[in-house]
Amino acid sequence: MNRRNFLRNASFAAGSLGILNLGYTSSPDIKETSNTFKLLYAPHFGMFKNSAGEDLIDQITFMYDTGFRAMEDNGMKGRSLADQEKIAKKMSSLDMKMGVFVAHTINWTETTLAGGNVEKRESFLREIKESVEVAKRVNAKWMTVVPGFLDLHQDIGFQTAHVVESLKRAAEILEPHGLVMVLEPLNFRDHPGLFLKKVPQAYEVCKAVDSPSCKILFDLYHQQIQEGNLIPNIDLAWDEIGYFQCGDNPGRKEPTTGEINYRNVFKHIYQKDKANIIVGMEHGNSIGGKEGEEAVIKAYREVDGF
């Protein structure tokens, strides 16, 4: 799935979908035949809409009934106050964890934090302050940050210093609230020209920021493309990883559709921290309709079996 389209669609959903009442209710049959997944896999709105309907609350209920105990929503910040509150109330009643939402406007064509522009930095920080209120409202702890494009007119060392300074300022905003921005390195193929591409680079930045409010979003799909070596890099970066996302390569669809051995990767993550790490399902469905949604659930059952 193209990340730009994913975010654009999430933003559209936030502005136009709303909370409808199409009547999905918990199925006793589903509850009897479904077990809670070992890891905190987090689907997103729309992933199961053919099974649950368009209503956001019904979709959360379906996720829970199917065994998922977390949910993420890139477009949460763009949803109405009423929808945010309803989503939070439902997830709280089910004891589900809220995953990431995107904390700021991501400019896919211009240099932002890496260039050291003061106005762009202040705009970023204003959005971080806004995201604090959203996070508190929806019981979220993590928010995604992408530093933006490279500045080809500056040495990478200067750019890194600019990014670190901006993130230090953002961490000062987040720390009093116990919130965490997770920096997402994105692969060169889907997102050429971005400042942050590799987990080792994100690790270096997090060490420089030196804050519990600045961690890494380790997207297994992006890093398989960018550099591979997934399990060793998880180990090397572990103390700075705050969140995972997944999708198989090629295609960015559910696990088992590509080359990544997700059974081994998820087993490794589970053995390191089975209780707290969320794995966001930031991918598309390889097959359309209810059949495709059933295939997604089946795939996660398979790789979650260890």
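The values are calculated or read from the model by the stated rules, or taken from the named source; none is laboratory data. Fair warning: this is a prediction, and the values are worked out from it, not measured in the lab. We place every Cβ from the backbone using ideal geometry, glycine too, and count neighbours over all the protein chains shown.
Are any residues in the stretch 188-202 farther than 20 Å from THR112 by Cβ and either touching a Gly at 6+ places or on another chain (Cβ under 7 Å) or surrounded by fewer than 22 Cβ atoms within 10 Å (Cβ to Cβ) (or both), and if so, which ones?
ARG189, PRO200
Here is a check on your reading of the model: is PRO212 surrounded by 24 or more Cβ atoms within 10 Å (Cβ to Cβ), free of Cβ contacts under 8 Å to residues at least 60 places away in the same chain, in a loop (DSSP other than H, G, I, E, B) and out of contact with any strand residue (DSSP E or B) (no Cβ under 6 Å at 6 or more places or on another chain)?
no
Which one of the conditions (1) of a type in the set (S, T, N, Q); (2) closer than 30 Å to ALA82 by Cα; (3) part of a helix (DSSP H, G or I) does GLN159 fail to meet, given that it meets all the rest?
Here GLN159 clears every test but (2).
What about LYS267, is it crowded, with 16+ Cβ neighbours inside 10 Å, among the charged types (D, E, K, R) and either closer than 27 Å to ALA161 by Cβ or over 17 Å from the mean Cα position of the chain (by Cα) (or both)?
Taking the combined requirement at face value, the residue satisfies it.
Tell me, yes or no, whether the stretch 64-86 has at least one residue that is part of a helix (DSSP H, G or I), exposed (fewer than 14 other Cβ atoms within 10 Å of the Cβ) and not charged (D, E, K, R).
yes
Of the residues LYS141, LYS120, LYS136, only one is under 30 Å from ILE156 (Cα atoms) and either of a type outside the set (Ser, Thr, Tyr) or surrounded by 18 or more Cβ atoms within 10 Å (Cβ to Cβ) (or both); which?
LYS120
Go through LYS168, LYS197 for me and flag whichever is basic (Lys, Arg), assigned to a helix (DSSP H, G or I) and out of contact with any strand residue (DSSP E or B) (no Cβ under 6 Å at 6 or more places or on another chain).
LYS168
Going by the structure shown, is ASP95 in contact with a His (Cβ under 9 Å, 6 or more places away or on another chain), modelled with pLDDT of 95 or more and outside any helix (DSSP H, G or I)?
No, not satisfied.
Looking at the structure I just gave you, is THR25 modelled with pLDDT of 95 or more, over 30 Å from THR109 (Cα atoms), of a type in the set (S, T, N, Q) and surrounded by fewer than 22 Cβ atoms within 10 Å (Cβ to Cβ)?
no
Kindly evaluate LYS89 against the criterion of being part of a helix (DSSP H, G or I), surrounded by fewer than 24 Cβ atoms within 10 Å (Cβ to Cβ) and touching a helix residue (DSSP H, G or I) at 6+ places or on another chain (Cβ under 8 Å).
no
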